[in-house]
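The values are calculated or read from the model by the stated rules, or taken from the named source; none is laboratory data. Fair warning: this is a prediction, and the values are worked out from it, not measured in the lab. Cβ atoms come from the backbone with ideal geometry, glycine included; neighbour counts cover every protein chain shown.
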Amino acid sequence: MSEQDGAADPFAPPTATPRAMPRPANAPPVPSHPLLIPETDEVVWAGRFPVQRVRFRFRKRDGTPSAPLTWELMRRGQGTVILPWDPVTDRIALIEQFRLPALAAGEEPMMTELPAGLVEAGEAPDATARRELAEETGLHSARMVPIGAFMLMQGACDERVHFYLAQVSLRDEGGTLAGLDAEGEETAVVVVTAAEAFAMVAGNRIRNAPAALALLWLQVNHARLRAEWTE
């Protein structure tokens, strides 16, 4: 059937630009900044983690504008990572859980990690850390101190993660199953010595950046903290 017969050409480009999706609360426009020269900022996916398409330029070091750029920005917000450590027995609680993105990347999907989770609206990061520690390990912290806040994928995602060291009591060998059934989680607690955990990082057996970063931080501060926390 020809176009004269009234059928649309299936290969013709669209005649109008699709309208941007309604902007969800967790996908606000990118904040203004002296280095940013914004052009457009639209939400193109409004799922659990919204995606924005942002067209912009930035001011280079000589003050001139960059070439036009178009980036997709995923909005995940704030997160937490918790390193549960018993300074008396000098042991650490790791968790193992299934990760679909790891499988997609060609990695072993049952990842060795640290408990972690997203900060809910109106929740303080340290409160999130205590909640996630209990949900994913069944452990409760006697003392929790901040390690630092870090961007994980600054080239694509706004997620900023708050890292904490949590003092816990680890007097058994682990094996606990935890996680929220309502979220489809199953986490297995694995208890190792601090030396074993540091060796796992050195041998590239910890395959996710948050756990490796937190363990390296503890390795650097290990002697000082053990002396302070066991006096």
Specify which of the listed residues (LEU177, LEU213) is assigned to a strand (DSSP E or B) and either under 18 Å from the mean Cα position of the chain (by Cα) or at pLDDT below 95 (or both).
-> LEU177
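Could you list all residues from region 216-231 that are assigned to a loop (DSSP other than H, G, I, E, B) and either in contact (Cβ under 8 Å) with a residue 12 or more places away in the chain or within 17 Å of ALA93 (Cα to Cα) (or both)? Working first, answer last.
If we filter region 216-231 for residues that are assigned to a loop (DSSP other than H, G, I, E, B), which is where we start, we get 230-231.
Of everything in region 216-231, just one residue is assigned to a loop (DSSP other than H, G, I, E, B) and either in contact (Cβ under 8 Å) with a residue 12 or more places away in the chain or within 17 Å of ALA93 (Cα to Cα) (or both), namely THR230.
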So, in region 180-210, of the ones that are touching a helix residue (DSSP H, G or I) at 6+ places or on another chain (Cβ under 9 Å) and assigned to a loop (DSSP other than H, G, I, E, B), which residue ends up surrounded by the fewest Cβ atoms within 10 Å (Cβ to Cβ)?
-> ASN204
Please name all residue pairs, on different chains or six or more residues apart, with Cβ atoms under 7 Å, provided the first residue is in region 196-207 and is assigned by TED's automatic domain parsing to the domain that holds ALA93 and the second residue is surrounded by fewer than 17 Cβ atoms within 10 Å (Cβ to Cβ) and part of a loop (DSSP other than H, G, I, E, B).
-> ARG207/GLU107
Within region 142-179, the count of residues that are surrounded by fewer than 18 Cβ atoms within 10 Å (Cβ to Cβ), in contact (Cβ under 8 Å) with a residue 40 or more places away in the chain and of a type in the set (Gly, Ala, Ser) comes to 4
Test ALA127 against the stated conditions and say whether it is of a type in the set (A, V, I, L, M), surrounded by fewer than 14 Cβ atoms within 10 Å (Cβ to Cβ), modelled with pLDDT under 95 and not assigned by TED's automatic domain parsing to the domain that holds PHE49.
-> no
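Considering every residue within region 60-82, establish whether at least one is surrounded by 14 or more Cβ atoms within 10 Å (Cβ to Cβ) and over 15 Å from the mean Cα position of the chain (by Cα).
Residues of region 60-82 that are surrounded by 14 or more Cβ atoms within 10 Å (Cβ to Cβ), as a first pass: 73-82.
Among the residues that remain, those that are also over 15 Å from the mean Cα position of the chain (by Cα) are: none.
No, there is no match, as no residue in region 60-82 is surrounded by 14 or more Cβ atoms within 10 Å (Cβ to Cβ) and over 15 Å from the mean Cα position of the chain (by Cα).
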